[in-house]
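The values are calculated or read from the model by the stated rules, or taken from the named source; none is laboratory data. None of the values given here were measured: they were computed from a predicted structure. Glycine gets a Cβ as well: all are built from the backbone with ideal geometry, and neighbour counts include every protein chain shown. Heads up: the accessible areas ignore ligands, DNA and RNA and are worked out on the full protein's heavy atoms, side chains in. Shrake-Rupley method; radii C 1.70, N 1.55, O 1.52, S 1.80 Å.
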Amino acid sequence: MTQSSALLALLDEPVWFCLTAQPKREHLAAIALRRQFGIECFSPRLRFRKMTNRGPVWFVEAMFPGYLLAKFVYSEQHRAVEASHGIRGIVHFGDRLATLPENIVVGLRSSVGAEEVVTIDSYIKIGQAVEIVEGPFRGLEVLVTQVLPAKERVRVLFEFLGRSIEMEISTAKVLAA
């Protein structure tokens, strides 16, 4: 939804705006707005596991890279918001500013939770296809036949030289395919 800046300047009530932020600093910009000006912000992040040279590592990244949502009275606070640490500006299309209805933000917030971090857990289940990401079978897609949570291992089935073979492997060495 977009609104003209002239119309927004006449409103006395806060509106949700979409702001552009410095990349990888969206949550820091939201913290600065909250602390400095008491502005309600929403900057959800995703937490996920990704394979690196050091093995699987947990990463946290913005759900909307380069953007965050903030609720403020345009006529009173837009200059302070745009000059705030980490903020590049309010998203606009010509002279029309990007705004969001309250119900959209409430819906997003309810699905994300108070921490504003959604963990994408690649919990492994029986029957799931996984890819081996470390060791001599790296790159091979296999089928999970048993989960051994106490050992942090899974039993997998794969085809090798025309035979079906079952073996145990550490859960740290597989990722969901």
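Results, tabulated for the structure shown:
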| item | result |
| --- | --- |
| Filtered residues of the stretch 114-136 (kept if under 16 Å from Asn53 (Cα atoms) and either touching a residue at least 24 places away in the same chain (Cβ under 8 Å) or in contact with a Leu (Cβ under 9 Å, 6 or more places away or on another chain) (or both)) | Glu131, Ile132, Val133, Glu134, Gly135 |
| Check on Glu82, surrounded by fewer than 18 Cβ atoms within 10 Å (Cβ to Cβ), closer than 18 Å to Val106 by Cα and either of a type outside the set (S, T, N, Q) or modelled with pLDDT under 95 (or both) | no |
| Residues satisfying the stated conditions in the stretch 2-20, i.e. part of a helix (DSSP H, G or I) and not hydrophobic (A, V, I, L, M, F, W, C) | Ser5 |
| Residues (open to solvent by 40 Å² or more (accessible area, probe 1.4 Å) and hydroxyl-bearing (Ser, Thr, Tyr)) located in the stretch 153-175 | Ser164 |
| Candidate set from the stretch 107-152 (those that are farther than 19 Å from Ala176 by Cα and part of a loop (DSSP other than H, G, I, E, B)); member that is most open to solvent (accessible area, probe 1.4 Å) | Glu115 |
| Extreme residue, surrounded by the most Cβ atoms within 10 Å (Cβ to Cβ), among residues of the stretch 25-77 that are of a type in the set (Asp, Glu) and within 12 Å of the chain's Cα centre (by Cα) | Glu26 |
| Residue pairs meeting the criteria (Cβ under 6 Å; at least 6 apart or on separate chains; first closer than 16 Å to Arg25 by Cα, in the stretch 81-99; second assigned to a loop (DSSP other than H, G, I, E, B)) | Gly86/Gln22; Gly86/Arg25 |
| The stretch 21-43 residues that are outside any helix (DSSP H, G or I), paired with ones that are aromatic (Phe, Trp, Tyr) (beta carbon under 6 Å, 6 or more apart) | Ile39/Phe72 |
| Residue list for the stretch 7-35, restricted to those being touching a Leu at 6+ places or on another chain (Cβ under 7 Å) and modelled with pLDDT of 95 or more | Val15, Trp16, Phe17, Cys18, Leu19, Ala21, Glu26, Ala29, Ala30 |
